[in-house]
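*Asks:* One structure coming up, written as C-alpha cells, with questions to follow.
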Amino acid sequence: MRKPFLGCVKRFTWNFAAVLALAILALLSPGSHSSAQAQGVTPPGLERAQAAKAVHAAELLTVDGVVGVGVGLGAGGEAVIIVTTARPGVTGIPRSLDGVPVRVLVTGPIFANPKPNCEEDPSHPSCKDGGGGGGGDTVDPTAKFARPVPIGVSTGSEASCSAGTIGARVRSGSSVFALSNNHVYAEENGAELGSNVLQPGRFDSNCVADNEPIGTLHDFVEIVFSTSASNTVDAAIALSDTDRLGNGTPANGYGVPDSTTVGPILDLLVQKYGRTTGLTRGSIVITDWDGNIGYSNGTAHFVDQIVVYGAKGPFVKAGDSGSLVVTDNSSVNPVGLLFAGDASGKYGIVNPIDAVLAAFGVAIDGQ
C-alpha cells in the first residue's frame, strides 16, 4: 500500500553544539549572506572526511537506528562525518573515525512518496476537492495550467491517482522531455513506457484519468529495492514538446533555470519550486550521503546524495517530489532533483543533477 509521503510531523534534533545551530540559522536568514557564503564553502579536511566516510559508511548503516552517513560541517567549520538517525539516543556510533569527528543528526526515517493514492485513500479531502485555479493573483501549483505548462507544478502518471512535480524541461537534440522522479512518472518501476504523463496529476483532479497529457513516459532509471543496492538517482523523463511544456516556473517562482549545472557544495544556498510548498529555500548541510529511503515497494539504498535543510519552514512536503533544486541567486543554476525527505519536511534528499542528466543523455533546457 502506498503510504503518504511525510505523513506525520516528528521532532528533529541536532546533536551539534548550540552555536552550530545558531550559525546555520544565521546563514539562512534573508539578507545576511555574503557573496562567499552564497557560493558555499570547501571546509578544511574535506577529502579526509570523504575518505573516512567511504570506508565506514556501510558498517555504520548496520547500526540499529542509523538512516544514513555523509559529510558536513563541524562547529569549528571543519569537515566532519554526519550520521543521520531515525531517533534520538542511538548507541554504537563512534565519536570519531580515522581521526575525523563524527556528529549525529536526528532526522527520523526518510521517505520518497508523492501525494497519497486516492484510490487507496478516497476519504482524503484533496481526493474530493481536486485542485484550485491557476490564474489571478494567487498561483496554485496543483491546478491545471494552460499549455505550455510551467515547471514546478502538479504532474503524474495516468496509472495512479497520485501527484508529484515537473522538475524541468530537458533536451536531447531536437527532442524535449519533462523531468521528474521514477516514483512520480514510472510508478516505482511499474509504469509502461509510452503511458501518458498528465498535468495536473490525478490526485489533483478528482482522480480522473483523462487529463490532457503533456507527454508519454520515455525512460526511467530502475530503482533497486535493497539495503545493499547502490542507487544514485530516482528519475524519469516523459517525451513532450514545446507546445505543451514550458521551461520556467509560475510567476511566483524562481523563473527559468540556467542550463549550466553546479555540483553540491556544503553551505550552498538553494531553492526549489514544487507542487505542494511552492518556493522554498534552504542550504546544503550534507554531501556524499549514503542512506536508506522508504518507498511503497520497500526500502532502497542510495549513495552520494545531497541533504538540504530548510531553516525557515519545511523545504519539502508530500507532492514536491521531482522538484528541481537550483542555486538561490540570480544565476539559478541546477544543483539536483528532489526525491525524498523526513517527516517534518525540514530535510530534503536530492539527487545530484549531473548524475540525473547523464543517466538520460540530456541537458537542462534553460537560459
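Here, each number is a calculation from the coordinates, and none is a lab measurement. This one's a predicted model, so the numbers in the text were calculated from it and none came from an experiment. All Cβ positions, glycine included, derive from the backbone under ideal geometry; neighbour counts span all protein chains shown.
*Asks:* Over the Cα atoms of region 110-367, what radius of gyration and what Dmax do you get, in Å?
*Replies:* For region 110-367, the Cα radius of gyration and maximum Cα-Cα distance read 16.1, 49 Å.
*Asks:* Over region 273-314, what per residue volume does the convex hull of the Cα atoms give, in whole Å³?
*Replies:* Normalising the Cα hull of region 273-314 by residue number yields 91 Å³.
*Asks:* Here's a follow-up. Assuming R0 = 45 Å, can you tell me the calculated FRET efficiency for the pair SER96 and GLU192, based on Cβ-Cβ distance, to the nearest 0.05?
*Replies:* It comes out at approximately 0.35.
*Asks:* Counting other C-beta atoms within 10 Å, which of CYS207, CYS161 has the fewest, and how do the rest follow?
*Replies:* Ordered by Cβ neighbours within 10 Å, fewest first: CYS207, CYS161.
*Asks:* Measuring from a point 7 Å past the Cα of ALA358 along Cα-to-C-beta, which residues in region 250-268 have an amide N at less than 19 Å?
*Replies:* Within reach of a label on ALA358, which here means backbone N under 19 Å from a point 7 Å along Cα→Cβ, region 250-268 contributes 259-266.
*Asks:* Got a sec? How would ARG87, ARG95, ARG202 order by Cβ neighbour count within 10 Å, fewest to most?
*Replies:* Ascending Cβ contact count within 10 Å gives the list ARG95, ARG87, ARG202.
*Asks:* Give the Rg (one decimal place) followed by the Dmax (whole number) of region 148-210, computed from C-alpha coordinates and expressed in Å.
*Replies:* Looking at region 148-210, its Cα Rg and Dmax stand at 11.3, 37 Å.
*Asks:* Let me ask something else about it. Measure up LYS53/LYS317; LYS272/LYS317; LYS272/LYS346; LYS53/LYS312 against 23 Å on the Cα-Cα distance and list the ones that go over.
*Replies:* Checking Cα-Cα distances, LYS53/LYS317; LYS53/LYS312 exceed 23 Å.
*Asks:* Give me the one-decimal nm value for the distance between modelled label points at GLN39 and GLN367, 7 Å along each residue's Cα-to-Cβ direction.
*Replies:* Between GLN39 and GLN367, the simple spin-label model gives 1.7 nm.
*Asks:* Roughly how many nanometres apart are two label points built 7 Å out from the Cα toward the Cβ at ASP241 and THR299?
*Replies:* The modelled label-to-label distance comes out at 4.6 nm.
*Asks:* What number results when the radius of gyration of region 181-225, computed over Cα atoms, is divided by 2.2 N^0.38 Å? Write out the running numbers ahead of the final one.
*Replies:* Values: Rg = 10.9 Å, N = 45, 2.2 N^0.38 = 9.3 Å.
So region 181-225 has a normalised radius of gyration of 1.16.
*Asks:* Rank these for me by crowding, SER240, SER175, going from fewest to most other beta carbons within 10 Å.
*Replies:* Ordered by Cβ neighbours within 10 Å, fewest first: SER175, SER240.
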